[in-house]
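Here is the structure we will look at.
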Amino acid sequence: MTKEARRTAERTGDDAFQLAGHRMDGITAMYDGSFIEASHEFETILSLYDPDRHRPPPVLYIHDPKISALAYLAILKWILGQSDTARGLAIEALRYAEELKQANLTAHVRTYAGAGLHELLGETSAVRRHADAIVALADQHSLHYWRLNGLFLRGWAIAQGASVEEGLAVMRQNLRARSALGVSWYHVRYLCMLATTLQKSGAAESALAVVAEAKDQAACHCEHMWDAEVERIEAEMLEVCARSTVECEARFQSALVTARRQSAKSFELRAALGLAKLWAEHGRGDEARDLLWPLYESFTEGFNTRDLTQARQLLDKLH
């Protein structure tokens, strides 16, 4: 907990300050890429939270400690390699948001535990459903910030289908609007989504420019949450642009090192999968299998997810 929040909690005996401190520390740890620490902070909130004592009056439903904990834990548990657990937390977050019936908190949950988690899982139709709900909620309650997020996510979902250029236009427009507001939270992830969508459209060089923007954004704000993903995506873009195998491999290796340091198991799997594919294409199938198999075996849940399915398919080819 932050020192200021701890001192305030001790001085006043108000454990609401304690919960606020854990929330702040959890968000800070996420931002820093300290995923286990962040998960612990949010789990602490859930263990301490008593709705009779800690739920704010409806007029004050700007932040609720339990809502924040559930929404962010869904993302964190996926990053830590626990996708089934993440889905359960997302369901609980959505149920609790429905119980509170506060527009801002519902938009928050649908953005992160909803669309955010499903985007990481690669489930486009679910992202679209949440995006449409966010936009409708924002239009009804004049929630400009959430509307921009919802429109961006809608654009991403559109672009995963046949209307790539239409989706890209929506994504770009709303990213610019977010930037104009000075928003930094989750912006690197949205740039990653834009980069991979540009690659899908055949504009790999433009995608590399967006990756560079993501790296600059992360450096400017000392944000490390998406470091492994940015490095992995850059490696894939370099590969598509026919850069040297050595350069691509170095980026994948860097992504692996970062993911392992952060205990970001799902990011590690993605980086390992990319490197294993690269090695397999260059006659290094044994090395690819030796890299990917132990990591695949270490997962205990989520075997029907896109990333683990792709890993299993590649391993089958390498046997």
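The values are calculated or read from the model by the stated rules, or taken from the named source; none is laboratory data. Please read all numbers here as calculations on a predicted model, not as lab measurements. All Cβ positions, glycine included, derive from the backbone under ideal geometry; neighbour counts span all protein chains shown. For accessibility, only protein heavy atoms count, side chains too; no ligands or nucleic acids. Shrake-Rupley method; radii C 1.70, N 1.55, O 1.52, S 1.80 Å.
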Residue match in the range 258-267 (condition: closer than 30 Å to Ile36 by Cβ, outside any helix (DSSP H, G or I) and open to solvent by 10 Å² or more (accessible area, probe 1.4 Å)): yes
Close pairs (7 angstrom Cβ cut-off, 6 or more residues apart or separate chains): under 15 Å from Ser68 (Cα atoms) in the range 80-103, part of a helix (DSSP H, G or I) and among the charged types (D, E, K, R) anywhere: Ala86/Lys77; Leu89/Lys77; Tyr96/Lys66
Matching entry among Trp293, Trp279 (being assigned to a helix (DSSP H, G or I), open to solvent by 50 Å² or more (accessible area, probe 1.4 Å) and either touching a residue at least 12 places away in the same chain (Cβ under 8 Å) or touching a helix residue (DSSP H, G or I) at 6+ places or on another chain (Cβ under 6 Å) (or both)): Trp293
First in the range 185-204 and more than 14 Å from Glu239 (Cα to Cα), second anywhere and among the charged types (D, E, K, R), Cβ under 7 Å, 6 or more apart: His187/Arg178; Val188/Glu223; Leu191/Glu213; Cys192/Glu229; Met193/Glu119; Ser201/Glu165
Criterion violated by Val170 - all others in (1) of a type in the set (Val, Ile, Thr); (2) open to solvent by 10 Å² or more (accessible area, probe 1.4 Å); (3) within 25 Å of Gly26 (Cβ to Cβ); (4) assigned to a helix (DSSP H, G or I) satisfied: (3)
Positions within the range 115-165 being of a type in the set (A, V, I, L, M) and out of contact with any helix residue (DSSP H, G or I) (no Cβ under 9 Å at 6 or more places or on another chain), in sequence order: Ala162
Wholly within the range 1-116, helices (runs of 4 or more DSSP H) carrying at least 1 residues that are modelled with pLDDT of 95 or more: 15-32, 35-48, 65-79, 83-100, 103-109
